[in-house]
1. Here are some conditions: (1) assigned to a loop (DSSP other than H, G, I, E, B); (2) closer than 21 Å to Pro336 by Cα; (3) β-branched (Val, Ile, Thr). Ile15 meets all but one. Which one does it not meet?
2. I want to confirm something. Restricting to the range 143-154 and keeping residues that are touching a Ser or Thr at 6+ places or on another chain (Cβ under 6 Å) and surrounded by 18 or more Cβ atoms within 10 Å (Cβ to Cβ), which single residue is nearest to Asn65 (Cα to Cα)?
3. Given (1) away from the ligand (no atom under 16 Å from the Cβ); (2) surrounded by fewer than 20 Cβ atoms within 10 Å (Cβ to Cβ), where does Gly234 come up short, assuming only one miss?
4. In this structure, is Asp224 at pLDDT 95 or above, in the same structural domain as Phe383 (by TED's automatic domain parsing), surrounded by fewer than 15 Cβ atoms within 10 Å (Cβ to Cβ) and of a type in the set (D, E, K, R)?
5. Please identify the pairs in which a residue from the range 39-52 that is without any contact (Cβ under 8 Å) to a residue 60 or more places away in the chain has its Cβ atom under 8 Å from the Cβ atom of a residue that is among the basic types (Lys, Arg) and assigned to a loop (DSSP other than H, G, I, E, B), counting only partners at least 6 apart or on another chain.
6. Return the residue satisfying two criteria in turn: it lies in the range 462-489 and is open to solvent by less than 70 Å² (accessible area, probe 1.4 Å) and over 22 Å from the mean Cα position of the chain (by Cα), and of such residues it is farthest from the ligand (Cβ to nearest atom).
7. Scan the range 275-300 residue by residue and report those that are modelled with pLDDT of 95 or more and either aromatic (Phe, Trp, Tyr) or assigned to a helix (DSSP H, G or I) (or both).
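The values are calculated or read from the model by the stated rules, or taken from the named source; none is laboratory data. Quantities reported herein were computed from a predicted structural model and do not represent experimental measurements. Backbone-built Cβ (ideal geometry, glycine too); neighbour counts: all protein chains shown. Each accessible area value is taken on the protein alone, full model and side chains, heavy atoms only, with ligands, DNA and RNA left out. Shrake-Rupley method; radii C 1.70, N 1.55, O 1.52, S 1.80 Å.
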Amino acid sequence: MSQKSLKKERDPSIIILDFGSQYSELIARRIRETNVFSLVVSNQISIEAINEITPKGIILSGGPNSVYDENAPKCDEKIFNLGIPILGICYGMQLMVKELGGTVKPAIRKAEYGRAPISIDIESDLLSKVKDQSIMWMSHGDSIAFLPDGFQKIAHTENTLHAAISHKQRKLFGVQFHPEVIHSEFGMTVIKNFVYSVCNCEADWTTETFLDETIPIIKNQVRDKKVLLALSGGVDSSTLAFLLNKAIGKQLTCMFIDQGFMRKNEPEFLMDFFDKKFQIKVEYVNARERFIRKLKGITDPEEKRKIIGREFIRVFEEESNRLGPFQYLAQGTLYPDVIESAGTNVDPKTGERIAVKIKSHHNVGGLPKDLQFKLVEPLRKLFKDEVRKVGTALGLPDEIIKRHPFPGPGLAIRILGEVTDEKLNCLRDADLIVRDEIKNAGLYDNIWQAFAVLLPVKTVGVMGDKRTYSWPIVLRCVSSEDGMTADWSKIPFEILERISNRIVNEVVQVNRVVYDITSKPPGTIEWE
Ligand code: XMP
């Protein structure tokens, strides 16, 4: 490990200049899938910063503007003279064309959205092995009218004359389609061609290289100081616990605050797993009574969330004072949180977008400043799928790696209205049945989340010869890529039937099960 890599984190091989596309993050993910490290940076990055990073390639992202808009975002035009290969995607290509002397116009016939078969005109490094007439995903209003000197058209579609362009000597390329979206049939081929054939990147971004580089960086940052980690048992905090345990061992203290809103057997499982099985010291804080007392009589969802958040911070403060002092707080912040919460806040030196706040929906979010922790965030450059790989490499079992997301406020936001011990116990039993049956049916890994929600109303039923008057349980199963949008899962009727039968028979206070068939939007995944 060289002195340089001890001090400094890895520079990206490919930087993506962001012009406001909803796909900028996706481009970075796709490039990383080819084992090449890439980061999204501001379009305002300076030439000096680029020279310092020395990327092997640059991508100019798409964006919502027209290049002729008054406030259309631009980058330093000297970027085209650096001798670094550039790929402009959609807006990025149009900007490159305009800056180098060509012209862009509103599309002659009509805007082009959706799938379009592409016709390859000329062989090129960029489109090598892309099948003629394969489908690429288009989403644009403007098109190129005239190419700058030295450029040639390498592909077209029925509606777009310049679907792909190149300047062979200067290694400048542009595509009007979006190679990063899954609907582009040969999109990954285009991305691989760019990073390997055009930019000569090496496939050196792997879980092993991440661990080799990150562990010394953590050691170097923390030195002999103490680190506190709020463990929730989710993938991120669990991976972080394993990573820090490997890097700094006994200097790490994990704290698990049991608010009383966990799933059945979950606190016991976590303590057993981390503390006993892996000897990772976890301080168990039983705060169940405090939380349920605070929620007495509270029915408004936002108020519940706020009370839970505030109480969490209080318990966290008290306990960290009791166990500390700690100089560092470990956070499971991931790369999407960094880009999304950073907005336009840019590191003036590197142009990298930087986080301005602690992950807002994280349990420890909003910690008061006077706690005076410095942050350790070794996962902040990783996407979720990369975290899972790191966790697996560190020895975390699938039971943790593949578990569904679980909200910080836990079951408290899955009991509509006031939360009581009786309702919590009821929901825990129903929830366990849902999880068991979804797992038994082999559906768990293909579903984003599957859970039960308790409604605070009573409905009439009949069991044996007796009339019942009890709560209904809502079954919610959704598929999703990232939790931002979701669709309800088309679970086979037999499985729904089994889950319903078991819940009404085994959970005493429940006499009815309904299935939620709402997508997000307009619904949300959780009910509160
Ligand atoms: P919604 O209900 O907004 O949920 O569609 C999107 C995803 O976020 C999870 N979620 C939370 N996660 N703290 C968390 O850590 C929270 O307060 C919270 N609320 C919702 C939800 O489970 C889903 O995966």
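1. (1)
2. Applying the filter and picking the extreme gives Ser143.
3. Just one mismatch for Gly234, condition (1).
4. Against the criterion (at pLDDT 95 or above, in the same structural domain as Phe383 (by TED's automatic domain parsing), surrounded by fewer than 15 Cβ atoms within 10 Å (Cβ to Cβ) and of a type in the set (D, E, K, R)), Asp224 qualifies.
5. These pairs meet every condition: Asn43/Lys74.
6. Thr468
7. The answer is Tyr284, Arg288, Glu289, Arg290, Phe291, Ile292, Arg293, Lys294.
Yes or no, residue by residue, for (1) surrounded by 15 or more Cβ atoms within 10 Å (Cβ to Cβ); (2) among the acidic types (Asp, Glu); (3) modelled with pLDDT of 95 or more:
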position: Ser124; (1), (2), (3): yes, no, yes
position: Lys129; (1), (2), (3): no, no, yes
position: Ile165; (1), (2), (3): yes, no, yes
position: Val175; (1), (2), (3): yes, no, yes
position: Ile182; (1), (2), (3): no, no, no
position: Tyr196; (1), (2), (3): yes, no, yes
position: Cys199; (1), (2), (3): yes, no, yes
position: Asp212; (1), (2), (3): no, yes, yes
position: Leu229; (1), (2), (3): yes, no, yes
